[in-house]
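Following: one structure in structure tokens, then a few remarks.
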Amino acid sequence: MDEKNPQVHKRRVRYKGTHPRNFNEKYKELNPERYADTVEKIRQKGNTPAGMHISIMVGEILDFLDIQPGQQGLDATLGYGGHTLAMLQKLNHQGHIYGLDVDPIESEKTRARLEQKGFGAEDVTVKLINFAYIDQVAAEAGPFDFVLADLGVSSMQIDDPSRGFSFKNDGPLDLRLDPKHGISAAERLKTVAREELVGMLVENSDEPYAEEITAEVFRRRSAGIPIETTKDLYHVVETALEIIPQKERKMAVKKSCQRTFQALRIDINHEFEVLYQFLEKLPGILKPGGRAAILTFHSGEDRLVKKSFKQLQREGVYSEVARDVIRPSAEECRSNSRATSTKMRWAIKA
């Protein structure tokens, strides 16, 4: 040991029982390179290891994009970098990919991860920017041969209780993709108007109990009961759905919680507005014959993509678009439950 720089031994997090339950205690899952066997066992069960994200429909995306060495591409939603890595491998160090993300925490981890896989600054440029501003990236980099946008929230964001994306573990009710900008979901619930909240739940997630959930939010606001954590919001939904028969209630609460969290996340991150801008600017950043693939995860997103692609095809902007959605295989859905709601659409620039 270097006496001038002694290494301090750091013990792993201790946990109760035989298996870690909390996110920060899952030290093997959070170190996939070191504990590959453990991670593979978890994946074989159809689960996603903590801190990881399993990229969806990689084969279908690569088949459509038909990436050739020497091309330039854009991954508009970098995330964990699984899709980016697969596309970089297709380029084989001949060409370049720009990866965009608004999450400063995860994007730096992904840049380092790609570098460890052998793809450095000469292969990939990671930019901390919202994909609504793809025109700014294209102004700097030039038009692209292929573009991918995966509109799902990454698993490592969902699983980390400190980000507040899930009701499964207690944490601050945040839901921001970029925690340094905007207001949290907790702050939004303190000021949102009653009619606006009902509309948000219906329009963003087709929530059938929007009125009941909104009523419980405002009952708590009037009583001075805070809604500041993910469990607080879970209990709001649970209380609102006491009207449902006991035997049906547990599943109904789970589904309504998923929809409520989704509706709030879409709202505070302005996801529909961002998607509108992206779809409007997409043709302008593609080369003639350039290909774009988009993965959506709920009906609202898919409707916007479908409408935009078909309208622009009628106008002659796209030479061809997907007639029907492409879905992941049954095998992929079995091995990754988070793939089940995925839909892929594509377009080719005229």
Original post:
Using a basic spin-label model with each label point 7 Å from the Cα along Cα→Cβ, how many nm lie between Lys109 and Ala193?
Top reply: 3.9
Original post:
For region 62-196, which whole-number percentage of the solvent-accessible area (1.4 Å probe, protein heavy atoms only) is attributable to carbon and sulfur atoms?
Top reply: 48
Original post:
What is the set of long-range amide H partners of Glu320 at a cut-off below 5 Å, with H atoms built 1.01 Å from backbone N?
Top reply: Ile348
Original post:
What share of all Cα pairs of region 251-313, in percent, falls into each consecutive 5 Å distance bin?
Top reply: 3, 14, 23, 22, 14, 10, 7, 4, 2, 1
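Stretch Val202-Glu315 to full length: gain in nm at 0.36 nm per residue minus the Cα-Cα span? It would help to have the intermediate numbers written out before the result.
Details: separation 113, 0.36 × 113 = 40.68 nm, distance 3.17 nm.
That works out to 37.5 nm of additional length.
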Subject >> Residue-by-residue Karplus 3J(HN,Hα) for region 328-340, coefficients 6.51, -1.76, 1.60, Hz, glycine and proline x >> reply: x, 5, 4, 5, 5, 5, 5, 7, 8, 4, 6, 8, 4
Subject >> region 155-266 - accessible surface per residue (Å², probe 1.4 Å) >> reply: 49
Subject >> In order through region 59-68: 3J(HN,Hα) via Karplus (6.51 cos²θ - 1.76 cosθ + 1.60), integer Hz, x for Gly, Pro >> reply: x, 5, 5, 5, 4, 6, 5, 6, 5, 10
Original post:
To the nearest 20 debye, what charge dipole does region 257-350 have about its Cα centre, counting +1 at the Cβ of each Lys and Arg and -1 at the Cβ of each Asp and Glu?
Top reply: 200
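Local charge sum around Glu320 (other residues, Cβ-Cβ under 10 Å, Lys/Arg +1, Asp/Glu -1)?
Local net charge: +3.
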Original post:
Check Phe144: other-chain or 5+ apart residues with amide H under 5 Å from its amide H, H built from backbone geometry?
Top reply: Leu286, Lys287
**OP:** Quick one: net charge around Leu85, please, counting Lys, Arg +1 and Asp, Glu -1 for every other residue with C-beta under 9 Å from its C-beta.
**Re:** +2
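How large a share of the accessible area of region 232-321, in percent, is made up of carbon and sulfur atoms when the probe is 1.4 Å and the other protein chains stay in place? Walk me through the numbers before you get to the answer.
Values: 2150 of 4380 Å².
Ligands and nucleic acids excluded, carbon and sulfur give 49 percent.
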**OP:** With 24 Å as the limit, write out which pairs from Lys127/Lys287; Lys109/Lys231; Lys190/Lys307; Lys127/Lys190; Lys231/Lys255; Lys109/Lys254 have Cα-Cα distances beyond it, or answer none.
**Re:** Lys109/Lys231; Lys190/Lys307; Lys127/Lys190; Lys109/Lys254
Subject >> For Tyr98, residues with placed amide H under 5 Å, excluding near neighbours >> reply: Gly73, Leu74, Asp75, Thr125
**OP:** Express in nm, to one decimal, how much length is gained between Ile243 and Ala141 on full extension, taking 0.36 nm for each residue of separation and deducting their alpha carbon distance.
**Re:** 31.1 nm
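The values are calculated or read from the model by the stated rules, or taken from the named source; none is laboratory data. Note that the structure is a prediction, hence the values are computed from the model and not measured. Positions of Cβ are generated from backbone atoms using ideal geometry, with glycine treated the same way; all protein chains shown enter the neighbour counts. Calculation scope for accessible area: heavy atoms of the full protein, side chains included, ligands and nucleic acids excluded. Shrake-Rupley method; radii C 1.70, N 1.55, O 1.52, S 1.80 Å.
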